[in-house]
Each structure stands twice: as C-alpha cells, then as structure tokens.
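Structure first, commentary second.
The values are calculated or read from the model by the stated rules, or taken from the named source; none is laboratory data. For clarity, every value in this text was computed on a predicted model and none was experimentally measured. So basically every Cβ, Gly included, is an ideal-geometry build from the backbone, and we count neighbours across all protein chains shown.
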Amino acid sequence: MTNKLIAVAAAALISGCSSVASMKSVDQAVQVEINADSALTLTKDSAVEKEYNTTSFGQYKFKAKPEAGGEPMYGLIPLKFNGGYLAADILFFAPAMFFNLREFYPFYEFDFAQGEVKYKKNEQDNWMIYRPSPEEVEHAKTYFKKIGKS
C-alpha cells in the first residue's frame, strides 16, 4: 500500500513539471525556435501546441523568422509564476522549488510586424504584450549563436 502511495505521489510531481502552450502568428507564417528545439511553423489560421518543461531560474529564448525571409526577431518567452506550486513545494517537497516555479502561459501569439509577443492565461483574457528589450535581444542572439543556430 505504501509503495502505491509513493508511486502516485511521484507521478503527480512529474506530471506537474510541464505545461502545454498554444502558439500562432498574427499575420504571416513564422518559423519559431525556442531554445534548442526544432523550429515550429506558426500561422494565423491554426495554433500549434507544444509541451515545455517548467523552470524556476532558467529562461526560454526564442528566434522568430518569417518564412518569406527577413531579419529574425529574438527575445525571451514570457513565463507565468506558479504560486500554487510554491505552496505545494513548501508543504510537500521543498527541493521541487528549484525546477517548477515558472511555466509557459497557455496562449501565445507572435506579431512579427510589431516586434512583439502576446500572451495570456485564459482564452477569454485580454492579451498581455511583451516587446524584447535590447538586452534580451542580445542575450537570445548570443544563445542561438552559441548553439549554432544564429
């Protein structure tokens, strides 16, 4: 019985360590690379869903480039804070705080023409807007250059 309880608790912890993001483009087909993952093709007509690991201290960098060509857009993916995970981590498994306090928002929209990423927690919410700062752009460019994807 104890082994079954431990197995259920472990499965719950592992399943809580990722989130699914739905992403699309505002106006044109855009190739988006997030960290070292393969490029995703985003369009305005249909969303692409992808699962990403949660993180506490790391960042997800992105490189977005229109399929029609042109200069890429770089930046950091806005992540949401998991207050509920923090409470559960404190109560049940404190070491988990080192890897699960931030996760992807469920919805993203890349607006290449405006140089921004829109994101929201719920489908009916208004979009929040992220425009990469020059420092964030340089940070992401350096990262992609370092992994050979510049």
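Taking the conditions exactly as written (surrounded by 13 or more Cβ atoms within 10 Å (Cβ to Cβ) and modelled with pLDDT of 85 or more), does Q124 satisfy them or not?
no
Does segment 29-38 include one or more residues that are at pLDDT 95 or above, part of a strand (DSSP E or B), surrounded by 14 or more Cβ atoms within 10 Å (Cβ to Cβ) and touching an Asp or Glu at 6+ places or on another chain (Cβ under 8 Å)?
So far as segment 29-38 goes, no, none of its residues is at pLDDT 95 or above, part of a strand (DSSP E or B), surrounded by 14 or more Cβ atoms within 10 Å (Cβ to Cβ) and touching an Asp or Glu at 6+ places or on another chain (Cβ under 8 Å).
Scan segment 42-60 residue by residue and report those that are at pLDDT below 75 and either acidic (D, E) or exposed (fewer than 15 other Cβ atoms within 10 Å of the Cβ) (or both). Write out each step before concluding.
First, pick out the residues of segment 42-60 that are at pLDDT below 75: 55-57.
Selection gives F57 alone.
Quick check: is even one residue across segment 71-86 surrounded by fewer than 19 Cβ atoms within 10 Å (Cβ to Cβ), modelled with pLDDT under 65, aromatic (F, W, Y) and farther than 25 Å from E135 by Cα?
No, segment 71-86 has no match at all.
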